[in-house]
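Everything below concerns the one structure shown next.
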Amino acid sequence: MRYKIFVSSVQKELKEERRAIKDFILNDTLLSEYFDVFLFEDAPAKSKSAEIAYLEEVGKSDIYIGILDTKYGSDAKDKISPTEAEFREAKRLHKTILIYIKDKNSANDKNREQGVLRLIKEIRDSKSGFSYKRFSNTVEVTRLVYASLIEFLKEKGIVGRGAFDKRICENATFADIDEEKVRWFLMTAKAARKYPLKQDIPVEAVLTHLNLIRGGKLTNAAILLFGKTPHHSFIQAEVKCLQFSGTEVKKPFVNYQVYNGNLFEQIDKAFAFVLGAIKFPVIQKAGSTRFHRPYEIPEFAIQEAIVNAVTYRNYNNTSGVQVMVFVDRVEVWNSGSLPPELTVEDLKKPHTSFPANPFLANTLYLADYAQRAGSGTIEMIEQCKAHHTPEPEFILIRNIEFRTILPRDIFTPDVLNKIGLNERQLKAVKYVKENGQISNHLYQEINNTTKRTASRDLTALVSLGVFMKTGVTGKGTLYVLRGHKGDKGDI
């Protein structure tokens, strides 16, 4: 069965939020299977009045989502706004009503129009029984809507099997479990976390102790962590690793690998892939041996990014984890969102852990692969600071994909924008990141400019601390990216 959602707000306000909610629902693998969304801006023209048409759409809907901001929507005396009329109709027909109020600070409610204040007062009344949440931005409201719709599906009995890792893995047997990996886990967990189980305890007892068995059957987590071939059961359980020769996604790849063993193997191999890639010598000084690019990434930050992607990803989605190594950064992508309780900014300060797959997270913690108190992202930031490397960047894309970006040098796009480089200089920095060095002649060539302009631009790049000169003076002068480990430069 598909349920219909009616999204209501003042037409002149919250257009971005309305569109974001619809796009998010229709692009989410789970929600798109069960929900359709009606927005008044998408409705075709009709002969009857818009107000009557919209009330009819409310009647056809199962869920009413109302979004309130500052405007009421009607200036006519003694006439209620279309938004309130739609709300009243949903209430009269006993629809599921979800209300979202923009601005988390209730002290600012005084800035709203009187009609909005009246609605908020009614909605906040504990006797009304309405579900309402406050939000600050588009990303937050889509996360709140997601959480509410999941609860709706649970109440309908459609979603009620718990987290993905807790579900029973159909047709899996104990013959699918790699006993050697279980023994390795016991040894590792004992050394790292003083895990109490003895080395020779039966495999079934170990998995039971880890809550990886339900009703005598193996869970998804048991197969993902200790299965001999978990990819046979979960084709999406893999990590794709790609290395590029430049700063953009572009073929041919320098290296491309897909790892689909158990999760420990996926993490280990992806981690080794990145370490191997970032330690390639990519800069060459004239007349000397090659040396590594400065400001390489702390190993903890790399592993934590990969572990988080594997642990927190949405296994209901068919896309796997993707690790991409560029000459100036490493990016780790995974499907899934942050839990409703957290924002991207919360990751940069002490926070509680809300793992999407708690049984995976617990076992990875015991094996010393993961943190368990929301401290992993903070430790990533601290280690990058100590390493004189830019902080990791955490990005949530449309609330369905999470990315961690780890810069390999200090000259990130944000830094270069703050410095105020012109387009020619930005192109030169990109060239040096990809090729290791540049000359005045090459600068002229790639920018189609004069020697005088090239000299002026390059002198400015040196003076700004972006480039440093190497080689002999004159035609032998080359420019390389500045920033040896420990050299904080002028930035």
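The values are calculated or read from the model by the stated rules, or taken from the named source; none is laboratory data. Everything numeric here is computed off the predicted structure, so don't read it as measured data. Neighbour counts are summed over all protein chains in view; Cβ atoms, including those assigned to glycine, are modelled from backbone coordinates with ideal geometry.
Rundown of residues vs (1) at pLDDT 95 or above; (2) on the phi < 0 side of the Ramachandran plot; (3) assigned by TED's automatic domain parsing to the domain that holds residue 378; (4) in contact with an Asp or Glu (Cβ under 9 Å, 6 or more places away or on another chain), yes/no style:
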{"position": "401", "(1), (2), (3), (4)": "no, yes, yes, no"}
{"position": "434", "(1), (2), (3), (4)": "no, yes, no, yes"}
{"position": "453", "(1), (2), (3), (4)": "yes, yes, no, no"}
{"position": "475", "(1), (2), (3), (4)": "no, yes, no, no"}
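Could you figure out which of (1) in contact with a helix residue (DSSP H, G or I) (Cβ under 6 Å, 6 or more places away or on another chain); (2) modelled with pLDDT of 90 or more; (3) under 22 Å from residue 264 (Cβ atoms) isn't true of residue 372?
The one condition residue 372 does not meet is (2).
Filtering the stretch 436-450 down to residues that are under 13 Å from residue 424 (Cβ atoms) and not hydroxyl-bearing (Ser, Thr, Tyr), which residue is surrounded by the most Cβ atoms within 10 Å (Cβ to Cβ)?
Selected residue: 438.
Just one of the numbered conditions (1) among the hydrophobic types (A, V, I, L, M, F, W, C); (2) in contact with a strand residue (DSSP E or B) (Cβ under 8 Å, 6 or more places away or on another chain); (3) at pLDDT 90 or above is not true of residue 366; which one?
(2)
All but one of (1) outside any loop (DSSP other than H, G, I, E, B); (2) more than 19 Å from residue 263 (Cβ to Cβ); (3) not acidic (Asp, Glu) hold for residue 360, so report the exception by its number.
Failed condition: (2).
Quick one: residue 39 ticks every box in (1) over 30 Å from residue 400 (Cα atoms); (2) out of contact with any Ser or Thr (no Cβ under 7 Å at 6 or more places or on another chain) bar one, so which box is it?
So residue 39 meets the others, but not (1).
Collect the residues in the stretch 186-214 that are closer than 19 Å to residue 227 by Cα, touching an Asp or Glu at 6+ places or on another chain (Cβ under 9 Å) and touching a residue at least 60 places away in the same chain (Cβ under 8 Å), keeping them in residue-number order.
Selection gives 188, 189, 212.
If you check 222, 191, 205, which single one turns out to be surrounded by 15 or more Cβ atoms within 10 Å (Cβ to Cβ) and either in contact with a Ser or Thr (Cβ under 8 Å, 6 or more places away or on another chain) or not aromatic (Phe, Trp, Tyr) (or both)?
Residue meeting the stated conditions: 222.
This table checks each residue for (1) touching a helix residue (DSSP H, G or I) at 6+ places or on another chain (Cβ under 8 Å); (2) more than 19 Å from residue 154 (Cα to Cα).
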site: 10; (1), (2): yes, yes
site: 20; (1), (2): yes, yes
site: 23; (1), (2): no, yes
site: 33; (1), (2): no, no
site: 51; (1), (2): yes, yes
site: 56; (1), (2): no, yes
site: 73; (1), (2): yes, yes
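Can you name every residue in the stretch 54-82 that is of a type in the set (Ser, Thr, Tyr), more than 22 Å from residue 140 (Cα to Cα) and within 34 Å of the chain's Cα centre (by Cα)?
Within the stretch 54-82, 61 is the sole residue that qualifies.
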